[in-house]
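Input: a single structure, listed below in structure tokens.
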Amino acid sequence: NADQAMYNAKAQGRNSIHYFTEHMRTDFLKRMEIIKDLRIAITQQQFHMVYQPIVNLSNNTITKAEALIRWQHPEKGLISPLDFIPIAEATGLITEISEWIFNEVTQKVKYWRETYCQNLMISINTSPVQYKNKGKQITAWVDSLKEREIDPQAIAIEITENLLMENQAEVVSVLDQIRLKGIAVSIDDFGTGYCSFSYLKNYAIDYLKIDKSFVQNMSADNKDAALCEAIIVMASKLNIDVIAEGIETDQQKEFLTKAGCRYGQGYLLAMPLVKDDFEQLLIKEQKK
Ligand code: C2E
Ligand code: MG
Ligand code: MG
Ligand code: MG
């Protein structure tokens, strides 16, 4: 075990190396276990989606939400997407998982628009690997929306800015196809990746999501607040709508609203909700 390894390593006077390799070994084993369990999870339907409302800060109405995946593991309980999405991406399992996400979300959004909120838009996170091979899977799904009678305005696709920096040509063509069909594109975690303003010029982007690290470290007049304000001004001049992520306090909400930020997402406004709870919220919104 780890203690024994540590002891042995120290005894040999090479403690750091042994300690390090022991950690790598447990990490590796954990990873292998997640890979094995992910395969089972796909076939046994252990995933579900939650929907976090995106609030219009000027009137507190909700017509948008972000779909976020959850994995209910039979023994380990709820596993965070931060702990399994990167592994699913590295192993290619993300393709199958995303197929399920697309189907699940499109089915729900269609029903919700028909029943409760005709201009509801749900945004779906996508992974860089999904843009490889000409984005085959994404474009096939986009093409299928028509026969499923789903309005493209029901969907937004979230990508991170790092994706735009890699594989330029391939990614451009996939994003162009998505936008040509009328599906919105959002840049997620804006400001944390290999950011370059040139892509804001070269791509037609609908939404920028200010990363929660800026929002959460913001106080009256520090750099994070200045960056939030600057992003909001820049986006508005480029005709891009801004969504601030991770709003947890009234002060953050007030500051961002005053700065002209149109939309907000965060625990203060609403938690990610399981589909039945999200549906209840849509019913309440209808009565507003
Ligand atoms: P993201 O796309 O940036 O999603 C926002 C994350 O912030 C979510 O974490 C959400 O629950 C969390 N969040 C929302 N409001 C607050 C707040 O006020 N404070 C704090 N501290 N956090 C807040 P979650 O659901 O754990 O997802 C983490 C990341 O995993 C996502 O970041 C996204 O990159 C990835 N992910 C989640 N679902 C999917 C999916 O269906 N497909 C793919 N490819 N990736 C996903
Ligand atoms: Mg996202
Ligand atoms: Mg993200
Ligand atoms: Mg984000």
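The values are calculated or read from the model by the stated rules, or taken from the named source; none is laboratory data. Because the structure is a prediction, the values reported are computed rather than measured. Quick reminder, even Gly has a Cβ in these numbers, built from the backbone with ideal geometry, and neighbours come from all protein chains shown. For accessibility, only protein heavy atoms count, side chains too; no ligands or nucleic acids. Shrake-Rupley method; radii C 1.70, N 1.55, O 1.52, S 1.80 Å.
Would region 97-235 count as rounded, prolate or oblate if I go by the C-alpha gyration tensor, calling it rounded below 1.5 in a/c and otherwise prolate when a/b exceeds b/c, oblate otherwise? Taking the square roots of the gyration eigenvalues as a ≥ b ≥ c, region 97-235 is oblate. The candidates ASP143, ASP189, arranged from most to least accessible area with a 1.4 Å probe in the full protein assembly, appear as ASP143, ASP189. Taking amide H positions as modeled 1.01 Å from N, with prolines and chain starts lacking one, the residues under 5 Å from ASN125 and 5 or more places away or on another chain are ALA67, GLU158. When the Cα positions of ALA140, ILE231, LEU282 are compared along the charge dipole of the chain, ALA140 comes out farthest toward the positive end, with charges on each C-beta of Lys, Arg, Asp and Glu.
Ranking of GLU33, GLU170 by solvent-accessible surface, largest first: GLU33, GLU170 (1.4 Å probe, protein heavy atoms only, all chains present).
When the inverse distances between all different Cα atoms of the chain are averaged and flipped, the Kirkwood radius reads 20.8 angstrom.
At a 1.4 Å probe, what is the % contribution of carbon and sulfur to the accessible area of region 242-288? Carbon with sulfur: 49 percent of the solvent-accessible area.
Other residues within the sphere of radius under 14 Å centred on the Cβ of LYS253, judged by their own Cβ, net out at -1 (K and R +1, D and E -1). Here region 95-252 is treated with +1 on each Lys and Arg Cβ and -1 on each Asp and Glu Cβ, and its dipole about the Cα centre works out to around 480 debye.
Placing unit charges on the Cβ atoms of the charged side chains and taking the dipole of the chain about its Cα centre, the candidate lying farthest along the positive direction among GLN107, GLY264, LEU29 is GLN107. Across region 57-62, rounded Karplus estimates of 3J(HN,Hα) from the backbone phi angles (6.51 cos²θ - 1.76 cosθ + 1.60, θ = phi - 60°) give 5, 7, 9, 6, 8, 10 Hz, Gly and Pro being marked x. Nonpolar atom fraction for region 125-213, defined as the carbon and sulfur part of the 1.4 Å probe accessible area, stands at 50 percent. Our coupling estimate for region 267-276, obtained by passing each phi through the Karplus curve with A = 6.51, B = -1.76, C = 1.60 and θ = phi - 60°, is 4, 4, 7, 5, 7, x, 10, 5, 4, 5 Hz, Gly and Pro reported as x. Based on Cα contacts under 8 Å between residues 6+ apart, the chain shows a relative contact order of 17 percent. Given a 1.4 Å probe and the protein chains as shown, ARG148 ends up with an accessible area of around 80 Å². Computed with a 1.4 Å probe over protein heavy atoms only, the accessible surface of the chain comes to 54 Å² per residue.
Dividing the summed -39500 (n - 2.57) terms of all DSSP H runs of n ≥ 4 by the residue count of the chain sets its mean residue ellipticity at 222 nm at -16000 deg cm²/dmol.
Charged side chains reduced to their Cβ positions (Lys and Arg at +1, Asp and Glu at -1) give the chain a dipole of some 180 debye around its Cα centre. With respect to the cross-link table entries LYS108/LYS146; LYS258/LYS287; LYS108/LYS134; LYS209/LYS253; LYS76/LYS275, which display a Cα-Cα separation exceeding 19 Å? Among LYS108/LYS146; LYS258/LYS287; LYS108/LYS134; LYS209/LYS253; LYS76/LYS275, the Cα-Cα distance tops 19 Å for LYS258/LYS287; LYS108/LYS134; LYS76/LYS275.
Taking the Cα centre of region 50-126 as origin and assigning +1 to Lys and Arg Cβ atoms and -1 to Asp and Glu Cβ atoms, the resulting dipole is close to 320 debye. Summary value for region 170-288: 19 percent relative contact order, contacts being C-alpha pairs under 8 angstrom separated by 6+ residues. Among GLY77, ASN60, ILE240, which residue has its Cα positioned farthest towards the positive end of the charge dipole of the chain, with +1 placed on the Cβ of Lys and Arg, -1 on the Cβ of Asp and Glu, and the dipole taken about the Cα centre? The Cα lying farthest towards the positive end belongs to ILE240. Among TRP100, TRP141, the order of accessible area from largest down is TRP100, TRP141, computed with a 1.4 Å probe on protein heavy atoms.
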